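What follows is a set of notes on a single structure, which appears directly below.
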Amino acid sequence: MNHLYMASTLCWSYKMEDVLQIAKRFKFAGVEVWADHFWHHGSDPRQVNQIRENLGLDLTMHAASWDINITALNDGIRRQSIGEIKRSIDLASEIGANNITLHPGKMTLTTLEKSIFIDLLLESLQVLSNYAKEKGATLSLELMEAIPKEFIISPNAINRITEGFHPYLQTTFDVAHISLKQDPFQQFRQTLHINKIHISDVNEQQLHIPLGDGLLGANTLKHFLQIKDAPVVIEGFDRSVAFICLRRNLQYIEAVLIRKEEAII
């Protein structure tokens with residue numbers, strides 16, 4: 001557990017000040033703080049930073065993503081979206097989060113050429129990478145799932161984007177975003193500049209369900225859970241106050257990793 005992180009959204013009903021305490025209680029190495037979660041509860045950056053220092057936790061950031069689009073055709077929406085990412089970068093700096101995951105935006109219309117949105121993405125990333133550089137922060141572009149309007153959905157696509165901005169822009173590899181028809185190991189090996197991994201289970205209807213509850217194979221999950229040269233973030237969303245999804249993830253991790261380590265010892 002000393003190399004695994006949890007997404008703050010697994011404790012959505014709690015303020016970030018409490019989420020950090022929960023992460024420490026369950027022996028996580030760190031927390032990926034979702035900016036939308038932080039702002040929703042009106043948490044205090046200075047207090048969160050102090051708790052982080054006191055607990056010895058590592059923090060990463062997931063920038064605002066739910067209501068924004070940095071590749072929107074509409075200039076006003078695109079500018080506002082860039083502004084929300086900048087605001088996320090500022091928050092990361094205030095709380096001591098060492099890198100910031102962001103989404104690449106979506107196509108406004110799938111009937112338009114993809115190249116239009118790639119150009120808009122490059123323009124937005126130029127602004128954001130310059131801003132992050134000024135703040136001493138590293139951005140991490142997330143590889144997305146193959147659904148309508150998403151267009152950064154393959155190793156080749158994301159590699160072409162990150163190569164021009166590296167090392168200030170790297171890659172977040174989300175295991176659950178890989179099609180069930182594809183080999184996640186192969187996709188991982190083909191993806192460059194990975195500095196963070198998101199992991200959760202998936203079925204044919206839903207992403208980001210608890211580990212072991214979906215269709216990803218045990219060997220796949222074990223492989224990614226054992227990676228130690230980049231933060232591995234357990235993802236999910238849980239509104240319960242009893243940590244139902246978090247506990248299910250922990251049960252799986254204990255069965256797959258901790259008991260195995262104890263058996264070896």
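Here is a check on your reading of the model: is ILE100 over 18 Å from ILE199 (Cα atoms) and of a type in the set (A, V, I, L, M)? Taking the combined requirement at face value, the residue does not satisfy it. Scanning region 221-229 turns up no residue that is surrounded by fewer than 17 Cβ atoms within 10 Å (Cβ to Cβ), in contact (Cβ under 8 Å) with a residue 40 or more places away in the chain and more than 17 Å from the chain's Cα centre (by Cα). Pairing residues of region 72-91 that are at negative phi and charged (D, E, K, R) with residues that are assigned to a helix (DSSP H, G or I) and surrounded by 15 or more Cβ atoms within 10 Å (Cβ to Cβ), at Cβ distances under 6 Å and at least 6 apart in sequence or on separate chains, gives LYS86/TYR131. Among helices (runs of 4 or more DSSP H) entirely within region 192-265, having at least 1 residues that are more than 26 Å from ASN156 (Cβ to Cβ) and either in contact with a Gly (Cβ under 6 Å, 6 or more places away or on another chain) or at pLDDT 95 or above (or both) singles out 218-225, 244-253. The requirement of being under 20 Å from LEU59 (Cα atoms) and modelled with pLDDT of 95 or more is satisfied by THR171. Would you please name the residue that is surrounded by the most Cβ atoms within 10 Å (Cβ to Cβ), looking only at residues in region 130-170 that are among the polar types (S, T, N, Q) and without any contact (Cβ under 8 Å) to a residue 40 or more places away in the chain? It comes out as THR162. Pairing each residue of region 181-200 that is surrounded by 13 or more Cβ atoms within 10 Å (Cβ to Cβ) with any residue that is assigned to a helix (DSSP H, G or I) and of a type in the set (D, E, K, R), provided the two are 6+ apart or on different chains, yields C-beta distances under 9 Å for LEU192/GLU163; HIS193/GLU163.
The values are calculated or read from the model by the stated rules, or taken from the named source; none is laboratory data. Given the structure is predicted, the values throughout are model-derived calculations rather than measurements. No Cβ is skipped: glycine too gets one built from the backbone with ideal geometry, and neighbour counts run over all protein chains shown.
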